[in-house]
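Report on one structure; see the data block that follows.
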Amino acid sequence: MKIVGIGAHPDDVEIFFYGFLATCKARGDDISIGVATDGAAGGDNPGVKLAAIRAEETTNALTALATPTLLGLPDGGLAEAADARQVIARFLKDCKPDLVVTHAPDDYHPDHRALSHFVTDAVGFTCPILFAETLMGVGFTPDVYVDITPFFDAKQAAIMAHDSQEPERFAAASALMNRYRAAQCNAPDGHYAEAYRIASRFPFTDIREMVPAAPAYRPFYVTGSDALI
């Protein structure tokens, strides 16, 4: 399949759905990545120089998956950008995706919420959409879990590639989220999962067969079981 991941800022793909894209690539899917804004507002010294630094950081961080397309829209003002809807729609049309993953419409950052709505409108009924988990899972009820254990170290390295963003805090937050989601599946220590919600709409009512596997089933509180509990 052709899988497209599109995040609002440089480092969002790495934090929220790197593991999903890595798992898809490993099973043979074709991966395309978009980064909507230039990241110019995400630091103590905002501006053109920071945007250039962040572009290099995310390109290096994502190199194992794909070379990202940097759409260059304004950081912090995505909803109000005059051409945002057209730029995002054109990117998606050119990619011809079978599945798109992006931010949830109720995530914490206004750029995340704006991107989610732009992507949903642009995709329409041409392909299904997966919404990635919100920051720290606040208000988020998953439909599917994806086992990212084999790619967790690569995900952490990709997050840590963003030197301009004090990446240790995001690496720690991601590790906590991904370990918690794996633990919800009763996976033992050392296992990690990402959680997603299906944008359920006609005709994409159930797309689980398109999504990589969840952590393996482990019986609850059974002697000898390879499980958390």
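Checking Glu57 against (1) over 15 Å from His9 (Cβ atoms); (2) surrounded by 13 or more Cβ atoms within 10 Å (Cβ to Cβ), which test does it fail?
For Glu57, the failing item is (1).
For Asp206, only one of the following conditions fails: (1) open to solvent by less than 20 Å² (accessible area, probe 1.4 Å); (2) at pLDDT below 95. What is its number?
(1)
Quick one: which residue in Leu78, Leu73, Leu50, Leu62 is more than 25 Å from His117 (Cβ to Cβ), buried (at least 19 other Cβ atoms within 10 Å of the Cβ) and touching a residue at least 12 places away in the same chain (Cβ under 8 Å)?
Only one candidate passes the filter, namely Leu50.
Listed here are the residues, each with its yes/no results for (1) under 25 Å from Leu99 (Cβ atoms); (2) free of Cβ contacts under 8 Å to residues at least 40 places away in the same chain; (3) out of contact with any strand residue (DSSP E or B) (no Cβ under 7 Å at 6 or more places or on another chain).
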site	(1), (2), (3)
Asp147	yes, no, no
Lys155	yes, no, yes
Ile159	yes, no, yes
His162	no, no, yes
Ser174	yes, no, yes
Ala199	yes, no, no
Pro203	yes, no, yes
Pro219	no, yes, yes
Thr223	no, yes, yes
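Filter the stretch 168-201 down to residues that are assigned to a strand (DSSP E or B) and basic (Lys, Arg) and give me whichever is surrounded by the most Cβ atoms within 10 Å (Cβ to Cβ).
The selected residue is Arg197.
Would you please name the residue that is most open to solvent (accessible area, probe 1.4 Å), looking only at residues in the stretch 115-167 that are of a type in the set (Gly, Ala, Ser) and under 20 Å from Val211 (Cβ atoms)?
Residue satisfying both the conditions and the ranking: Ala154.
Assess whether Leu99 counts as being open to solvent by 70 Å² or more (accessible area, probe 1.4 Å), modelled with pLDDT of 95 or more and touching a strand residue (DSSP E or B) at 6+ places or on another chain (Cβ under 6 Å).
So Leu99 fails the test.
The values are calculated or read from the model by the stated rules, or taken from the named source; none is laboratory data. Remember, predicted model here, so these are calculated numbers, not experimental data. Note: ideal-geometry Cβ built from the backbone for every residue, glycine included; neighbour counts use all protein chains shown. These area figures cover heavy atoms from the full protein model, side chains too; ligands, DNA and RNA do not enter into them. Shrake-Rupley method; radii C 1.70, N 1.55, O 1.52, S 1.80 Å.
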